Amino acid sequence: MAQLPEYLKPKRPLNSAMLRSLRRWFPPTLQGAEHLDPERPALFVGNHTTYGMIDIPLMQAEIYNASGIWLRGMTDHLHYRLPPWARFLERQGAFRGTRELCHQAMERGDNILLFPGGGREVMKRQGEEYTLIWKQRLGFVRLASQHGYPIQPFASVGADDVWDILWDAGHWQRGRLKPLLKRLPLWDLAKQGEEIPPLVRGIGLSAVPRPEPFYFLLGEPISTESYQGLENDDDAMMALRDQIAEAVRGLIEEGQQLRDGAAKGSMLRRLLNKS
């Protein structure tokens with residue numbers, strides 16, 4: 001049986017050189033920290049953003065610095081195709097996204113970060129910014145209900161604004177090169193072309209992300225206690241999942257309103273974000 005990897009929880013506020021650079025480029029705002037309870041572990045569930053990487057370290061750091069809660073991220077199996085990268089993630093507390101390891105983490109009382117949209121929500125297509133692509137996944141609500149784990153809904157706003165998607169998986173699937181691509185290992189790794197990374201433009205004609213501010217919003221925790229014993233009831237689990245999704249969408253809308261009403265920053269920042 002696979003064992004949950006060990007990791008070292010940070011012992012002081014997080015302020016590394018990398019985080020300072022990220023904060024300067026993507027100034028973060030954390031809203032809703034009053035909903036965090038260090039004494040009661042939760043399953044943090046929210047929206048995945050394009051490429052799914054640049055906002056996560058900032059959100060983890062902001063939550064930890066505000067509450068002492070360290071989020072252990074469940075990672076896609078694809079990360080384990082590169083063992084050194086997977087080991088690096090595990091040292092930060094991440095673990096392979098399997099039911100058994102999630103069960104172990106909940107038994108330990110860890111705070112867990114999970115994105116039901118997975119790789120498909122990361123590999124966005126044109127017009128899918130801030131869209132939840134959770135399909136019919138119910139595994140995360142079954143586990144939370146089984147363990148009585150509260151769900152902490154959250155939204156990340158800003159990271160879907162730093163790039164424009166020029167070409168996505170849909171273009172490849174409809175294009176003339178599809179027969180050739182289907183012969184390549186990439187096709188199976190990308191789940192029959194569903195999760196091909198998009199081609200993006202940031203500053204100017206480059207892929208450098210624009211320096212947009214990031215907003216992390218936390219909502220009221222959603223109790224799963226009334227769902228204990230109903231883990232095999234698909235209708236009950238879908239109702240809980242829909243409640244969580246609705247909470248996340250509401251937080252996304254709230255974050256977009258914060259973004260739209262905020263000052264646009266320095267002249268340089270405004271020029272870079274218009275490029």
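The values are calculated or read from the model by the stated rules, or taken from the named source; none is laboratory data. This structure is a prediction, so every number in the text was calculated from the model and none was measured. With ideal geometry, Cβ positions are generated from the backbone for all residues, glycine too; neighbour counts draw on all protein chains shown. Just the protein is used for accessible areas: all its heavy atoms, side chains included, with ligands, DNA and RNA removed. Shrake-Rupley method; radii C 1.70, N 1.55, O 1.52, S 1.80 Å.
Answer with yes or no whether ALA245 is touching a residue at least 24 places away in the same chain (Cβ under 8 Å) and hydrophobic (A, V, I, L, M, F, W, C). Reasoning before the result, please.
Details: touching a residue at least 24 places away in the same chain (Cβ under 8 Å): yes; hydrophobic (A, V, I, L, M, F, W, C): yes.
The answer is yes for ALA245.
Tell me, which strands (runs of 3 or more DSSP E) lie completely within segment 162-275 with 1 or more residues that are among the β-branched types (Val, Ile, Thr) and modelled with pLDDT of 80 or more?
Strands (runs of 3 or more DSSP E) meeting the threshold: 164-167, 199-201.
Note on segment 127-161: residues that are under 23 Å from GLY202 (Cα atoms), among the hydrophobic types (A, V, I, L, M, F, W, C) and not in a helix (DSSP H, G or I) amount to 3. Among the residues of segment 182-195, none qualifies, meaning not one is of a type outside the set (A, V, I, L, M, F, W, C), closer than 30 Å to TYR227 by Cα and touching a residue at least 60 places away in the same chain (Cβ under 8 Å).
Looking at GLN152, GLN146, which one is more than 14 Å from GLY52 (Cβ to Cβ), over 21 Å from the mean Cα position of the chain (by Cα) and surrounded by 15 or more Cβ atoms within 10 Å (Cβ to Cβ)? Break it down stepwise before answering.
Values: GLN152 fails: over 21 Å from the mean Cα position of the chain (by Cα).
None of the others qualify; the one that does is GLN146.
Residues are listed down the side, and each one gets a yes or a no for (1) surrounded by 21 or more Cβ atoms within 10 Å (Cβ to Cβ); (2) polar (S, T, N, Q):
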site: GLU90; (1), (2): no, no
site: LEU101; (1), (2): no, no
site: ARG120; (1), (2): no, no
site: GLY127; (1), (2): no, no
site: PHE140; (1), (2): yes, no
site: VAL162; (1), (2): yes, no
site: GLN173; (1), (2): no, yes
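Scoring GLU121 on the criteria (1) in contact (Cβ under 8 Å) with a residue 24 or more places away in the chain; (2) more than 28 Å from GLN173 (Cβ to Cβ); (3) part of a helix (DSSP H, G or I) leaves a single failure, condition (2). Please enumerate the residues belonging to segment 103-117 that are more than 12 Å from GLY73 (Cα to Cα) and outside any loop (DSSP other than H, G, I, E, B). Across segment 103-117, the qualifying residues are HIS103, GLN104, MET106, GLU107, ARG108.
If you filter segment 220-275 down to residues that are among the small types (Gly, Ala, Ser) and over 20 Å from VAL162 (Cβ atoms), you find that the one that is nearest to the chain's Cα centre (by Cα) is ALA245.
Pairing residues of segment 5-24 that are within 22 Å of GLY265 (Cα to Cα) and part of a helix (DSSP H, G or I) with residues that are open to solvent by 90 Å² or more (accessible area, probe 1.4 Å) and modelled with pLDDT under 90, at Cβ distances under 7 Å and at least 6 apart in sequence or on separate chains, gives no pairs at all.
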